[in-house]
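This report concerns only the one structure given below.
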Amino acid sequence: MWSYVWAFLVVLAENLIPAFGPPTWLVLVYLTLSFGLEPVILIPLAVIAASISHWVMAHAFRRFRPRLPQKYVTNMTNLGAKLEKRSHTMWGLLLLFMWSPLSSSQLFVAAGLMPQIRILPLVGAFAVGRCFTYTTYVLGAHAFSETDWGHSFMSEMTSPGMLAIQTALVVGVIVLGLIRWKPE
């Protein structure tokens, strides 16, 4: 029982890291393979923990907005207005949060910096998508955990290339606020 409480807290804390944290699915694979935690219990707990963390992170960045340069805040507000005004764009955002292979932390940071964007639907889409992806990764990891390819894949998750992708995503959030989005 306590193992699952600790796993919940680990996933909760790990998802509060806005950049350069390990992917949650990798943490879940580690927990199931190293500690024998049951995926049927662990995956729903992880989805709940990650969803709570991203909701908190988005709202924390929303509260952080007044400390950012006014020009940046204005640009992100204008972008948020553009996204909200178009219903097909909002559906695209929901799909992005549901199925994106990109790090979700930067997506939630960007959403938090746009005051018009409703966070709760994004968290819901994220949770639905993670039910599928966490299940796929955790159960798939059992299938090839003992193979040479499996070991190589796991070592790549901390490679310079993966760190470069995380850096690019952080830069992407910054660049979004530097673009002069025209008000709607």
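Key figures for this structure:
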| quantity | calculated |
| --- | --- |
| Spatially proximal lysines relative to residue 71 (Cα-Cα < 16 Å; intrachain offsets below 8 disregarded) | 182 |
| Shape of region 1-65, Cα gyration tensor, a/c cut at 1.5 | prolate |
| Computed E for residue 68/residue 162 - FRET, C-beta separation, R0 35 angstrom, nearest 0.05 | 0.80 |
| Estimated distance in nm for a label pair at residue 33 and residue 3, the labels positioned 7 Å out from Cα along Cα-to-Cβ | 1.6 nm |
| The chain: angle of helix 2-14 to the longest principal axis, Cα-based, in degrees nearest 10 | 30 degrees |
| About the Cα centre, charge dipole magnitude for the chain (Lys/Arg +1, Asp/Glu -1 at Cβ), debye | 1240 debye |
| Gyration tensor verdict on region 27-123 (Cα atoms; rounded if a/c is under 1.5, prolate if a/b is larger than b/c, oblate otherwise) | prolate |
| Pair residue 60, residue 174: separation of 7 Å Cα→Cβ label points (nm) | 1.9 nm |
| Using alpha-carbon coordinates, inclination of helix 24-35 to the longest axis of the chain, degrees | 20 degrees |
| Among 94, 80, 57 the positive-end extreme of the charge dipole of region 30-107 (Cβ point charges) | 80 |
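Where a number appears in this text, it was derived from the coordinates with a stated rule and is not lab data. All of these numbers come straight from a predicted model, not from anything done at the bench. So basically every Cβ, Gly included, is an ideal-geometry build from the backbone, and we count neighbours across all protein chains shown.
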